[in-house]
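The values are calculated or read from the model by the stated rules, or taken from the named source; none is laboratory data. This is a predicted model, so every value here is computed, not measured. Backbone-built Cβ (ideal geometry, glycine too); neighbour counts: all protein chains shown. Keep in mind that these areas ignore ligands, DNA and RNA; they rest on the heavy atoms of the full protein, side chains included. Shrake-Rupley method; radii C 1.70, N 1.55, O 1.52, S 1.80 Å.
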Amino acid sequence: MTKTNVQKCGFYLFLGLCLLVATNSTSIAPTYQGPDIQIIGQEFYKDLESEFQLYRYQIDALDEGVPPLILQTLPSDLHTITSSQHKKRIFFKSLLPMVLLANDEIRAERQQLEALNEHLTASLPLDASQLQTISVLAERYKVKFNPATPQRTVHKLLDRVDIIPADLALAQAANESAWGTSRFSQVANNLFGEWTFIQGQGIVPEGRPEGETYEVQKFSTVYDSVRSYLHNLNTHSAYQHLRKLRSASRRSGINPKGSQLAEGLVLYSARGKDYVKELQAMIRTNQLNRFAGVKLRTRKQLIRLAVWDK
């Protein structure tokens, strides 16, 4: 579908499909900066362009067959898609690359920590740069850092600096955003129902009890919402059980599974255990565990060391 046809149909619906990571999301992890990216393991994008054309989504980002990676916002007309199967396909295919990319940032940080842990286990001294790396990660992941006992900090960080399985992230995004059609996912790019207590930085939810000050966090891009969600699970005290389950899997030499880690999300929703069961059912029904072996492959990466400015 040409732009002319899109204009004639009156469909300038959104999709600021952006190929660059948000500039305010720097970390000490590799940051993707180019269009040369593919997904290994699944042919998710072989029919993506035709699907987007079918639903009149504007695609300016497709360049020489390279699929869009990061969504500025979600399609505004997802609610008009009557086929639940098609809606799910578009939702998962749009969100999955961002989940994988955000996890790759965390994975790179974890690899740094593992290298530092091996260094300390061998009783080798740390230089100023290595201590700075620990200090930056400790601040980001809300762990106290004592330079006199760096390995203790590294051990605590290893429990926090780890990925969230894609199946769990996709299930929660679908659940919390009503498959990308909720008000907050459309207006605030908030797919995971995250709150803020900083007045003016979010959207006041309808029916908020009198005297409450929380707002629904507003994000510049969908990708910012994904990164914030992962960071939330990796740092908030409410999800300590999730992190313990994940660490136990690591010690057993088993990759963490989303359905298992969902057990640590009892406090994510007022529905408690019913919420956990619902997420597990979504993972099972939609066969989201098939994404376990999917990876991003990039041919061009820019490694940038910077303090995460959140």
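Hey, does region 199-220 have a residue that's open to solvent by less than 20 Å² (accessible area, probe 1.4 Å), of a type in the set (S, T, N, Q) and touching an Asp or Glu at 6+ places or on another chain (Cβ under 8 Å)?
No, there is no match, as no residue in region 199-220 is open to solvent by less than 20 Å² (accessible area, probe 1.4 Å), of a type in the set (S, T, N, Q) and touching an Asp or Glu at 6+ places or on another chain (Cβ under 8 Å).
Pull up region 269-310, narrow it to residues that are among the polar types (S, T, N, Q) and under 25 Å from Glu109 (Cα atoms), then point me to the one that is modelled with the lowest pLDDT.
Gln301
Considering only region 214-233, state which residues are part of a helix (DSSP H, G or I) and of a type outside the set (Gly, Ala, Ser). Lay out the reasoning, then the answer.
Within region 214-233, the subset part of a helix (DSSP H, G or I) is 222-233.
Of everything in region 214-233, those that are part of a helix (DSSP H, G or I) and of a type outside the set (Gly, Ala, Ser) turn out to be Val222, Tyr223, Asp224, Val226, Arg227, Tyr229, Leu230, His231, Asn232, Leu233.
Within region 176-193, which residues are open to solvent by 10 Å² or more (accessible area, probe 1.4 Å) and not in a loop (DSSP other than H, G, I, E, B)?
Answer for region 176-193, where residues must be open to solvent by 10 Å² or more (accessible area, probe 1.4 Å) and not in a loop (DSSP other than H, G, I, E, B): Glu176, Arg183, Phe184, Gln186, Val187.
Can you name the condition, by its number, that Thr235 falls short on among (1) farther than 18 Å from Asp167 by Cβ; (2) in contact with a helix residue (DSSP H, G or I) (Cβ under 8 Å, 6 or more places away or on another chain); (3) open to solvent by 90 Å² or more (accessible area, probe 1.4 Å)?
Thr235 satisfies all of (1) farther than 18 Å from Asp167 by Cβ; (2) in contact with a helix residue (DSSP H, G or I) (Cβ under 8 Å, 6 or more places away or on another chain); (3) open to solvent by 90 Å² or more (accessible area, probe 1.4 Å) except (3).
Would you check which residues across region 264-290 are in a helix (DSSP H, G or I), open to solvent by less than 20 Å² (accessible area, probe 1.4 Å) and not aromatic (Phe, Trp, Tyr) and list them?
Going residue by residue through region 264-290, those that are in a helix (DSSP H, G or I) are 264-268, 273-285, 288-290.
Now narrow it down to the ones that are open to solvent by less than 20 Å² (accessible area, probe 1.4 Å): 264-265, 275-276, 279, 283, 288.
Selection gives Gly264, Leu265, Val276, Leu279, Ile283, Leu288.
In region 150-166, what count of residues is obtained for those that are open to solvent by 20 Å² or more (accessible area, probe 1.4 Å) and either among the hydrophobic types (A, V, I, L, M, F, W, C) or touching a Gly at 6+ places or on another chain (Cβ under 9 Å) (or both)?
2
If Thr196 meets every condition in (1) surrounded by fewer than 22 Cβ atoms within 10 Å (Cβ to Cβ); (2) touching a strand residue (DSSP E or B) at 6+ places or on another chain (Cβ under 8 Å); (3) under 22 Å from Ser259 (Cα atoms) apart from one, which number is that one?
(3)
For region 69-111, give me the residue count where each residue is open to solvent by less than 10 Å² (accessible area, probe 1.4 Å), more than 30 Å from Val154 (Cα to Cα) and part of a helix (DSSP H, G or I).
4
Which residue out of Ile134, Ile163 is touching a Lys or Arg at 6+ places or on another chain (Cβ under 7 Å), among the aliphatic types (A, V, I, L, M) and at pLDDT 95 or above? Before you say what the answer is, go through the steps one by one.
Values: Ile134 fails: touching a Lys or Arg at 6+ places or on another chain (Cβ under 7 Å).
Going through Ile134, Ile163 in turn, the sole match is Ile163.
Just to be sure I understand, how many residues within region 241-255 are touching a residue at least 24 places away in the same chain (Cβ under 8 Å) and either within 18 Å of Lys156 (Cα to Cα) or open to solvent by less than 10 Å² (accessible area, probe 1.4 Å) (or both)?
Taking region 241-255 and keeping what is touching a residue at least 24 places away in the same chain (Cβ under 8 Å), we get 241, 243-244, 246-247, 250, 255.
Right, trim to either within 18 Å of Lys156 (Cα to Cα) or open to solvent by less than 10 Å² (accessible area, probe 1.4 Å) (or both) and you get 241, 243-244, 246-247, 250.
Selection size over region 241-255: 6.
Residue by residue through region 256-297, note down the ones that are among the acidic types (Asp, Glu) and in contact with a helix residue (DSSP H, G or I) (Cβ under 7 Å, 6 or more places away or on another chain).
From region 256-297, those among the acidic types (Asp, Glu) are 263, 274, 278; that's our starting set.
Residues satisfying the conditions are Glu263, Glu278.
Among the numbered criteria (1) modelled with pLDDT under 95; (2) over 27 Å from Ser135 (Cα atoms); (3) out of contact with any Lys or Arg (no Cβ under 8 Å at 6 or more places or on another chain); (4) not hydroxyl-bearing (Ser, Thr, Tyr), which single criterion is violated by Trp179?
Exception for Trp179: condition (3).
What do you reckon, is Ile254 among the hydrophobic types (A, V, I, L, M, F, W, C) and farther than 21 Å from Leu100 by Cα?
Numbers: among the hydrophobic types (A, V, I, L, M, F, W, C): yes; farther than 21 Å from Leu100 by Cα: no.
Answer is no for this residue.
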